[in-house]
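A.B. asks: This structure is in structure tokens; I'll ask about it shortly.
The values are calculated or read from the model by the stated rules, or taken from the named source; none is laboratory data. Please read these numbers as outputs of a predicted model, since none were measured by experiment. Counting neighbours? That spans all protein chains shown, and the Cβs are built from the backbone with ideal geometry, glycine included. Heads up: the accessible areas ignore ligands, DNA and RNA and are worked out on the full protein's heavy atoms, side chains in. Shrake-Rupley method; radii C 1.70, N 1.55, O 1.52, S 1.80 Å.
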Amino acid sequence: MKPLFLLTLCFALSACGGGGGGSDPTKPSDPPSVPTPTPAPVTPTPEQPPIETKISFIEHAGFTNNQLVKIGDISKSKNASINKLVQFNDGQSIIVGQYLASDDYKDSKGFFALMDKEQNVLRQEVVSGGFADICIHDSGEYSLARYVENSADSSQGKEFALQLEKYTRTGELVHKTLLTDPYSENYYLPPFTKEEYLVSEFTLKENTRPPAPNHKVTFTNFINYSSHIGNVELHCQQEKLLVSYNYEGLKLSLFDENYAQQWSQVVSIWDYYVGSFGGLSHIAVDEQGHIFTLSSRNMNSLAAYNHRFGTKFTPDLDRLLDTHIVLKRYNFAGELEFETLLDSGESDVIADALIKANTLYVGANSRRDKFPSGNNYTTEWDISFYRVNLADRTYIHDFLDLNKEDLLRGLSWLNQDLYLYGINGFTQVDSNSWLSAGDGFYKVLPQGQLLDPKSFVNIAGTRNTYINSVGLLDDKLIAAGRTDGPLTHDTDDTSSAMIYKQQ
């Protein structure tokens with residue numbers, strides 16, 4: 001069985017690519033006028049009682065740098081993973097992750113652990129539903145996005161609302177609120193061939209749900225099982241909180257230091273790809289407080305995008321299944337200032353972005369044709385890497401072909417250097433089958449400079465090993481993710497949550 005992340009990514013990108021037109025990047029394109037909502041007070045859903053289960057770490061046999069997460073007596077389960085690692089200035093860190101307590105996807109659980117520098121667990125929590133993301137504010141307080149049960153079991157499993165929680169450094173809960181969506185977006189179905197496009201550029205299905213300022217954002221735990229971190233991204237900006245989420249389209253909201261919602265915006269349309277395969281609009285903020293969002297957009301849906309936002313992007317009808325990255329800039333009041341397209345000439349699915357010294361670094365996964373051979377052609381995943389000069393919005397682009405198939409999971413700026421990390425080393429027989437296991441990797445760009453496009457550091461494990469998050473501890477790399485993950489046709493579809501420490 002193929003890992004669900006790879007299944008989702010492969011399906012999404014098989015209908016994606018790069019190339020095509022866009023709008024004048026010097027001219028902002030305003031969305032239709034939508035008043036900023038003033039949400040009614042929302043009573044957060046009561047938390048489910050924590051599960052009394054001890055989190056510990058065990059050695060990974062044969063890999064001296066790796067340790068596996070053990071929750072009670074479970075050290076391996078379906079889709080077990082550490083999804084995020086964040087660090088405080090004193091060396092303490094928090095990990096959040098997921099696992100299944102049984103073979104039923106409805107039994108998805110999430111775990112949280114605060115650790116000291118020696119990896120002793122100081123505070124822990126294991127809950128049904130789990131956690132979507134976490135970030136640390138300048139003050140040392142942190143914000144946590146928690147899935148809280150919203151309904152009983154159904155055919156799709158339990159339904160969860162998304163609760164935002166702010167904690168002091170000592171773990172005291174000081175603010176909480178439910179994430180709400182004031183918009184009721186229509187659904188767009190794009191054409192999949194040039195012939196279909198010439199008949200109709202899109203099909204519009206109206207949303208029957210009326211807009212309401214206190215409408216709760218919800219997810220089923222089938223989505224949570226596949227990836228707790230694929231639905232929501234938190235960005236701590238000083239003491240305020242930016243939340244990017246995928247719910248009937250890609251949305252962005254700003255909360256003040258007391259979690260009062262300041263504004264919300266629709267970043268991208270609700271269409272077949274966003275609704276079926278997920279994805280996020282990733283956030284980066286510059287020193288002046290400008291908010292940049294980056295999301296992937298298929299060319300066959302550009303007409304629908306133009307319809308919703310009043311833009312004038314022009315699709316290439318011969319490359320309708322290709323994908324661009326849409327770059328938008330908002331001021332801190334939530335007003336759109338400009339948007340444009342980033343084009344690598346290939347299919348790019350956004351992975352992460354960050355800003356340092358007036359440069360926007362953008363990492364994506366690009367599906368590139370390598371060995372066409374009739375019906376059994378082969379593509380290869382490589383990393384698409386942009387450096388955007390924010391002064392004039394020009395950019396430099398490179399493809400990074402590190403080791404066979406490469407999948408980027410994120411970017412981090414640690415000390416003075418930029419780190420890229422993910423999984424690589426795959427091979428495949430055709431576009432749908434992974435034949436060999438991959439290893440985790442990280443790549444260091446000194447001061448953000450791409451000096452050697454081919455260099456990287458391998459993080460080995462059992463079968464597939466993913467790196468989802470990195471940090472530095474006493475100038476040594478610490479990485480979190482999972483290992484012993486399944487390949488395409490494995491009957492064993494389990495994995496282990498993992499921490500790697502550089503020696």
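A.B. asks: Here are the criteria: (1) touching a Cys at 6+ places or on another chain (Cβ under 7 Å); (2) of a type in the set (Val, Ile, Thr); (3) surrounded by fewer than 23 Cβ atoms within 10 Å (Cβ to Cβ). Tell me which single one Thr311 does not satisfy.
C.D. replies: All conditions pass for Thr311, except number (1).
A.B. asks: Ala101 - would you say it is open to solvent by less than 10 Å² (accessible area, probe 1.4 Å), without any contact (Cβ under 8 Å) to a residue 60 or more places away in the chain and small (Gly, Ala, Ser)?
C.D. replies: no
A.B. asks: Now for a separate question. Looking only at region 469-502, which residues are surrounded by fewer than 17 Cβ atoms within 10 Å (Cβ to Cβ) and within 15 Å of His60 (Cα to Cα)?
C.D. replies: Lys501, Gln502 - these are the residues of region 469-502 that are surrounded by fewer than 17 Cβ atoms within 10 Å (Cβ to Cβ) and within 15 Å of His60 (Cα to Cα).
A.B. asks: Kindly indicate the residue of region 286-308 that is open to solvent by less than 20 Å² (accessible area, probe 1.4 Å) and part of a strand (DSSP E or B) and also farthest from Leu354 (Cα to Cα) among those meeting that condition. Show your work before the answer.
C.D. replies: Filtering region 286-308 down to residues open to solvent by less than 20 Å² (accessible area, probe 1.4 Å) leaves 286, 289, 291-295, 297-305.
Applying the additional criterion that residues be part of a strand (DSSP E or B) yields 291-295, 297-298.
On the way: Ile291: 11, Phe292: 9, Thr293: 10, Leu294: 10, Ser295: 13, Arg297: 19, Asn298: 23 Å.
So the residue we want is Asn298.
A.B. asks: Could you grab the pairs with beta carbons closer than 7 Å, sequence gap of 6+ or different chains, first residue in region 435-457 and closer than 18 Å to Gly481 by Cα, second one among the aromatic types (Phe, Trp, Tyr) and modelled with pLDDT under 95?
C.D. replies: Gly438/Phe426; Gly440/Tyr466
A.B. asks: If only one of Tyr361, Tyr330 is more than 17 Å from the chain's Cα centre (by Cα) and among the aromatic types (Phe, Trp, Tyr), which one is it?
C.D. replies: On the way: Tyr361 fails: more than 17 Å from the chain's Cα centre (by Cα).
So the residue among Tyr361, Tyr330 that is more than 17 Å from the chain's Cα centre (by Cα) and among the aromatic types (Phe, Trp, Tyr) is Tyr330.
A.B. asks: Being at pLDDT 85 or above and open to solvent by 20 Å² or more (accessible area, probe 1.4 Å) narrows it down to one of Tyr395, Tyr377, so name that one.
C.D. replies: Details: Tyr377 fails: at pLDDT 85 or above.
Selected residue: Tyr395, the only one of Tyr395, Tyr377 that is at pLDDT 85 or above and open to solvent by 20 Å² or more (accessible area, probe 1.4 Å).
A.B. asks: Continuing with this model, one more query. Condition (residue is of a type outside the set (D, E, K, R), over 21 Å from Thr208 (Cα atoms) and either part of a loop (DSSP other than H, G, I, E, B) or touching a residue at least 60 places away in the same chain (Cβ under 8 Å) (or both)) applied to region 264-276: is it met by at least one residue? Explain how you work it out, then say what you get.
C.D. replies: Here is the first cut: in region 264-276, the ones of a type outside the set (D, E, K, R) are 264-270, 272-276.
From what is left, the residues that are over 21 Å from Thr208 (Cα atoms) are none.
No: region 264-276 contains no residue that is of a type outside the set (D, E, K, R), over 21 Å from Thr208 (Cα atoms) and either part of a loop (DSSP other than H, G, I, E, B) or touching a residue at least 60 places away in the same chain (Cβ under 8 Å) (or both).
A.B. asks: Condition first: closer than 28 Å to Tyr305 by Cα and either surrounded by fewer than 18 Cβ atoms within 10 Å (Cβ to Cβ) or not hydroxyl-bearing (Ser, Thr, Tyr) (or both). Can you find one or more residues in region 140-158 that meet it?
C.D. replies: For region 140-158, residues closer than 28 Å to Tyr305 by Cα and either surrounded by fewer than 18 Cβ atoms within 10 Å (Cβ to Cβ) or not hydroxyl-bearing (Ser, Thr, Tyr) (or both): absent.
A.B. asks: For region 184-207, indicate whether the set of residues that are part of a loop (DSSP other than H, G, I, E, B), charged (D, E, K, R), surrounded by fewer than 18 Cβ atoms within 10 Å (Cβ to Cβ) and on the phi < 0 side of the Ramachandran plot is non-empty.
C.D. replies: We begin by selecting, within region 184-207, every residue part of a loop (DSSP other than H, G, I, E, B); these are 184-186, 190-193, 200-202, 206-207.
Going one step further and asking which of them are charged (D, E, K, R), we end up with 185, 201, 206.
Next cut, surrounded by fewer than 18 Cβ atoms within 10 Å (Cβ to Cβ) only: 206.
The next check asks that each one be on the phi < 0 side of the Ramachandran plot; those that pass are 206.
Yes, region 184-207 contains a residue that is part of a loop (DSSP other than H, G, I, E, B), charged (D, E, K, R), surrounded by fewer than 18 Cβ atoms within 10 Å (Cβ to Cβ) and on the phi < 0 side of the Ramachandran plot.
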